[in-house]
Amino acid sequence: MQLHNLQPAPGSVHKQKRLGRGEASGKGGTSTKGNKGGQSRTGYKIKMAHEGGQMPIQRRIPKRGFNNINRISYKVFNLSQIDALVEKYGLTEFSVDNLYINGLVSQTDRVKILGTGELKAKLPFKVNAASAKAKAAIEAAGGSVEILK
């Protein structure tokens with residue numbers, strides 16, 4: 001076998017349909033597209049959600065909900081979780097940077113401390129927000145809270 005002897009498998013190559021080449025071709029006139037309507041015209045393309053005249057699903061289903069663009073969402077940590085995290089990761093300071101380094105939050109997350117549970121560790125906290133109950137519990141345990149901007 002040589003390059004000049006190569007041929008496609010028998011039956012795999014079909015002759016191209018030559019449309020609009022006169023009546024004698026058998027496919028002249030309307031070029032097998034029928035008479036009139038969008039599909040016979042040039043540039044016709046069916047829309048993505050077209051359902052043949054039936055009301056499309058994205059219009060049948062009602063709109064729900066609201067996405068508030070001014071919402072500030074926080075990654076929340078309770079006091080009951082903090083002792084376990086300090087022990088597991090060996091934190092000397094509970095800050096957003098330390099949490100990011102240990103893979104607990106992403107770089108853009110804001111961190112908030114909530115007051116559920118008890119705190120035994122005496123730590124400085126550098127977070128974006130803290131509840132009043134959490135602040136009081138941290139300061140009672142001998143730590144400090146710094147709220148970041």
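Every number here is computed from the coordinates shown, using simple stated rules; none is lab data. Computed from a prediction, not measured in an experiment: that's the story for all the values here. Here the Cβ is made from the backbone with ideal geometry for all residues, glycine too, and neighbour counts use every protein chain on show.
General remarks:
- Look at (1) under 30 Å from MET48 (Cα atoms); (2) more than 22 Å from the chain's Cα centre (by Cα); (3) of a type in the set (A, V, I, L, M, F, W, C) and you find that ILE138 fails only one, number (1).
- A count restricted to the stretch 106-133 and to residues that are out of contact with any strand residue (DSSP E or B) (no Cβ under 9 Å at 6 or more places or on another chain) and among the small types (Gly, Ala, Ser) stands at 1.
- Each residue in the stretch 110-149 was checked for being farther than 17 Å from SER95 by Cβ and of a type in the set (Lys, Arg), and 2 of them qualify.
- Cβ pairs under 8 Å, 6+ apart, first in the stretch 29-57 and closer than 27 Å to LEU19 by Cα, second exposed (fewer than 11 other Cβ atoms within 10 Å of the Cβ) and acidic (Asp, Glu): GLY29/GLU23
- Enumeration of residues in the stretch 73-88 that are more than 15 Å from LYS126 (Cα to Cα) and hydroxyl-bearing (Ser, Thr, Tyr): SER73, SER80
- Of all residues making up the stretch 5-48, the number that are among the hydroxyl-bearing types (Ser, Thr, Tyr) and surrounded by fewer than 10 Cβ atoms within 10 Å (Cβ to Cβ): 2
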